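Read-outs throughout are calculated quantities, based only on the coordinates presented, and are distinct from any laboratory measurement. As the structure is a computational prediction, the values presented were derived from the model and not from experiment. When we count neighbours, we look across all protein chains shown, and the Cβ atoms used for this are built from the backbone with ideal geometry, even at glycine.
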Amino acid sequence: MFISKRPAGWKTFRLALCALVLVPLVSPLAFCRQTGGSPSPNGAAIFNRRCAKCHGEQGQGISAIVSIAGPNIQAVHNPGRAMMAVETGPGHMPSFVNVLSVPEIRAVSYYVTQHLAVIPLQGGNLAEGGTLFRTHCAACHRTAARGGALAFTGINAPSLANYSAPLVAGAIRWGPGPMPAFPPSVLSDEQLNSIVKYVTFVQHPPDPGGNSLGYCGPVAEGFAGWIGVLVLVIFTIWIEKGGRG
Amino acid sequence: MIRRIGRWFDSRLHLAQPAREALNHVFPDHWSFMLGEIALYSFVVLIITGSFLAMFFNGSTAHLIYHGPYRALDGVEMSAAYQSVLHLCFGVPAGLLIRQMHHWAALIFIGAIVVHVARIFFTGAFRRPREINWWIGLTLLVLALSNGYFGYSILGDLLSGAGMRIGYSMMLSIPIIGPWLAFLFFGGRVPVDVTIPRMYGLHIFVVPAAISVLLALHLGIIWRQKHTNYPGPGRTDHTITGSRIWPTYTAKSIGLFFLVFAVIAALGALVQIDPVWIYGPYDPIAILPGAQPDWYLAWVEGAMRLFPGVNIYLGPYLIPEVFFPGILFPVLFFIVLYLYPFFDKFITHDNQPHHVLRHPYEQPFQTALGCAVFMFLFVLFVAAGDDVIAVATGTSVVTIRLILRILVFVAPAVTGIIVYGLCILSRHRHARGLERALESASAEGRLISGENEVTQ
Amino acid sequence: MSEGEDREARKGAWLLMMFALGWRMVTGRSGKSRRVTSAEAAGPRDFPLPSGRDADTETQAVTSGRERWGTLLVACSLIAAIAAGIGFLFIYWTDGGNKLLGGTLALSFAGFGIALILWSHFLMAHREATEPLEPLLSPEEDRQTAADDFCAGARDVKRRSLLKLMIVAGAGVFAAMFVSLLRSFGAPIEPALYQIVWSRGQRLMTADNKPVSIHSLKPGDSVTVFPEGSIGNDHAQTVLVRVKEQFLRLPADRADWAPMGYLAYSRVCTHAGCPVGMFESQTNLLLCPCHQSTFNVLTGAEPTGGPAARPLPQLPLYADSEGLLRAGGRFSSIPGPGFWGGQQ
């Protein structure tokens, strides 16, 4: 004759309760991921094929001796403006709207603004950049530059983890979307360089303590702590139930 | 040898009989009775690591310029407290590990207390004669929560500064006495230099001492009253069944201590917690979004985020909107918890002493209520991270907040109903199982009694 | 680096082995059942303390197999613990990284813990013991005697009601003395709590101590300003924004507070005191990043979303003859989070 030590209903109840607890516990951890990506067509190749003839391989422009002279485009920081130029063809420049597909136009514009647009990226003081970043940027992008939520328009400040230094510099100057622009009157070239240096640093900070949990802060730490508690609870089950055969 | 040592002590302290009783003390075998021990041992880890940290931390807001191995802050002005934390992280051998272990131990300590309280609550272990220990335990939880807040606030980084400022605003919002209370506790209008030394004193001495005393009392009362046990054959209110303290239980318990230490050390080794060097020094002009408290206070933070912005005046006097979610809600919550044994007595009409627990499904209403409250707290906890979730999922924080404002009412209600149904179902199944067992037993002509061999 | 990885791989293998062993324990695939019935262990029904621990009552055959297994497992985990402990010492003295340091520490403790628990599972007889629970309530006569003793002792104290009264008064004074000490911790709430640093005529200065003129900002720009002479004062921090004048919808009594579309608001949130650091020019909203409250600068910083309930205090502005912006008075209300009696 078998009588369960625990009443029959206990097991169902316990299983259901476990599920109730576990599902909300584990699911939010999946959130803390960084997103980002670059346009797939090769912007550099398109630029060298289509644009370099006039603008030069570095976008420095070709001197006006030749009839097809193109201006220096190294100060174009705004991908929107670059795209507009490629599409409409201002002045002597032809329109590429029938030549290049939309992703290609985007790719070449990003190439121009990220790789050719020259804000003299040298020098800069890392620590000063950190201070400036906390003053001017961290209120939206958070101190680890992993993005922050803004209740204005539903557009969040993006994570800067995957942005190249020239793009960061350009974005500071041009102010994409709802982001304010920081003209040289607010941030000098030197200060801008410091900020870019800090952003580049904080994209891959040393993390001496181990896994950074995506720099999500106390929320992610809380979930990790609960996993620790869960592991310990499993240990207690093992302690009391294990080894009894 | 043992005998000789024993004799030495016994001749001075007359210990033989108490020692024998202690060694033979019976403690019931069930994993859920070890949850409190996880909390106890996390506290031991907190004391050990905290003592180490206290030798290095400098609870001062004096301003100085940092020069050290973390070059991203080289030459930056900061408080002496923050500087000492940076030195601890980057300049002291094993300093970072100990600091991370301390923080993880704090998270696990309170997590284990919560799980322990849940076990007590759902099994009705707070009933007579254990009301005193329920109250002491809740006081321990309150002390642990406040000490967590103090520890979080004294580091002098941007996150802790934001936390301190929000705490000050909450205290300030209490009607009538708020301003005096806030100035008494924080020593002035935050940020003010005296707060960190004061919180440091509370964090490393006053509160831990209070926790230690209450913990001793808590354990002493358990020893005196002996432990509860789950219902089952042979389990009565007049006996206690389990293993003796020596040697099995001792081995298990010390083993658990090592495992708690190991899990905390593993977290401290592998997962970075509270990277203050990323947050930067506190600057009252700077701020960061995603400034959350640690998880154990996140439910209050979440309530503050979800509570609507309403102005309430009593005559000419303002009751700030922060007061309701930030002060009134947690205070009421704990008052309800403190009074729960009376409430239970009232609804069950049962004032007898109990040593056998009741299964959660035997009290469907209480279990459903408890689960609903936990779900409510969980939604608030999620709400405290609504901006982090918004960034991670690429949605608007306004949308997420709207969803959470609905969920905070719907999710507990649904949970309560489901759990209630499950309890009723389990109760029926249990009753049927018992009936069948009785039938088969009577068919075999045997009686069920505690003497029967029990097989699982 | 490869050496470290190698070490970690080895550690991972150890960990896996431990888990495998642990799983075997949990599923109970090793060893055989040897539960001692409660009747056996409990002994006679009158529950005396056991009269000493006599030899194992189990059959030797079952025990030896389990014992051999158990000894092996305990020895393995102890060896792992000791090895990890030595590893910890080595890494600590050679200033190894946090991961290795904490990892070896964790492994060492886990090894000891697992060993102890395996020991209890395999090498200790599991006896279920039963003890009586005496009723906690003492017998009537005991309680009566205790109460009588107390009363008798109290009678021995020669009664002097005046003295008793004085004792009570003394206790009250002691309590008052101790409670009064709290005064040392407080600070007078006046004037600090009601303080508004700004006063009429003060120039608006940026954080790097430059005055702000009416040409400094374009519509849509914002800057943090302080009163002249109080740079960095957190309570006086103010956000200056410029909007297009035609959009302004300020209350009638504030019509002249915003010369050329310049608006100044306290930068301390009225909700929980965080700095309201961000201005968004397309929606003309100020945002507090702590709890995501938004304030519309065009209507006098009335809250438009989030938990804040009261507008940010506004600072009236005027431009002097040199075109520099100056405060035209104090904030429209006390800056910072709300409190009882704080709304004059």
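List of remarks:
- Positive-end extreme of charge dipole, the protein assembly as shown - chosen from A:ILE105, A:PHE152, A:ASN211 (charges on Cβ): A:ASN211
- A:ASN211 long-range amide H proximity, modeled H, under 5 Å: B:VAL271, B:GLN272
- Within 10 Å of the Cβ of each residue in B:234-241, the mean number of Cβ atoms contributed by other protein chains is 5.
- Residues B:ASP74, C:ASP148, C:ASP221 arranged by fewest to most Cβ contacts within 10 Å: C:ASP148, B:ASP74, C:ASP221
- Once the Cα-Cα distance is subtracted from the 0.36 nm per residue extended length, the B:ASN351 to B:HIS67 segment shows a gain of 95.7 nm.
- The simple Förster model, with R0 at 51 Å and r as the Cβ-Cβ distance, assigns B:ILE132 and C:ASP320 a FRET efficiency of 0.10.
- Hz values of 3J(HN,Hα) by residue in segment C:98-106 - Karplus curve (6.51, -1.76, 1.60), Gly and Pro given as x: 4, 5, 5, 4, x, x, 5, 4, 4
- DSSP beta bridge pairing in the protein assembly as shown, given as percent antiparallel to the nearest 5: 95
- Loop-located chymotrypsin sites (Phe, Trp or Tyr not before Pro) in segment B:196-298 (DSSP state not H, G, I, E or B) with no more than 11 neighbouring Cβ atoms inside 10 Å do not occur.
- Considering only B:SER442, B:THR61, C:VAL241, the residue lying farthest towards the positive end of the dipole of the protein assembly as shown is B:SER442, judged by Cα position with unit charges set on Cβ.
- Ranking of B:VAL206, C:VAL243 by count of other Cβ atoms within 10 Å, fewest first: B:VAL206, C:VAL243
- With θ taken as phi - 60° and the Karplus curve 6.51 cos²θ - 1.76 cosθ + 1.60 applied, the whole-hertz 3J(HN,Hα) list for segment B:91-97 is x, 9, x, 6, x, 5, 4 Hz, x standing for glycine and proline.
- The mean sequence distance of close C-alpha pairs (under 8 Å, at least 6 residues apart), as a share of the length of segment C:194-327, puts its relative contact order at 25 percent.
- Only aspartates and glutamates eight or more places from C:LYS164 in sequence, or on another chain, were considered; those with a Cα closer than 17 Å are C:ASP156.
- Each residue in C:GLU134, B:GLU301, C:GLU228 was given a count of other beta-carbon atoms within 10 angstrom of its own, and listing them fewest first yields C:GLU134, C:GLU228, B:GLU301.
- DSSP-defined beta bridges in chain B - what % are antiparallel, rounded to 5: 90
- When Rg and the Kirkwood radius Rh are both evaluated on Cα atoms of segment A:43-116, their ratio Rg/Rh stands at 0.92.
- Inter-chain Cβ neighbour average for residues B:295-301, partner chain, 10 Å: 3
- From helices alone, the protein assembly as shown scores -16500 deg cm²/dmol at 222 nm; the rule is -39500 (n - 2.57) for each run of n ≥ 4 DSSP H residues, then divide by the residue total.
- Here's the picture: a label point sits 7 Å out from the Cα of B:HIS238 along the beta-carbon direction, and within segment B:349-389 the residues with their amide nitrogen under 18 Å of it are B:352-357.
- Taking θ as phi - 60° and the Karplus parameters 6.51, -1.76 and 1.60, the scalar couplings of segment C:309-317 work out to 10, 10, x, 5, x, 9, 9, x, 10 Hz in sequence order, x denoting glycine and proline.
- For B:ILE240, distant residues with modelled amide H under 5 Å away: C:GLU131, C:LEU133
- Backbone N within segment B:127-145 under 17 Å of label point (7 Å from B:VAL331 Cα along the Cβ vector): B:142-143
- Peptide-level mean, for B:413-423, of C-beta atoms on other protein chains within 10 Å: 2
- Cα-centre dipole for segment C:191-344 with unit charges at Cβ (Lys and Arg positive, Asp and Glu negative), debye to 20: 100
- C:THR238 long-range amide H proximity, modeled H, under 5 Å: C:VAL225, C:ARG267
- Label point distance in nm, C:ARG183-C:LEU89, each placed 7 Å from Cα along Cα→Cβ: 5.9
- Reach of B:LYS226 by Cα under 12 Å, taken over aspartates and glutamates that are not fewer than 8 positions away in the same chain: B:ASP237, C:GLU131, C:GLU134
- The modelled label-to-label distance for the pair A:HIS115/C:ALA154, using points 7 Å beyond Cα in the direction of Cβ, is 9.4 nm.
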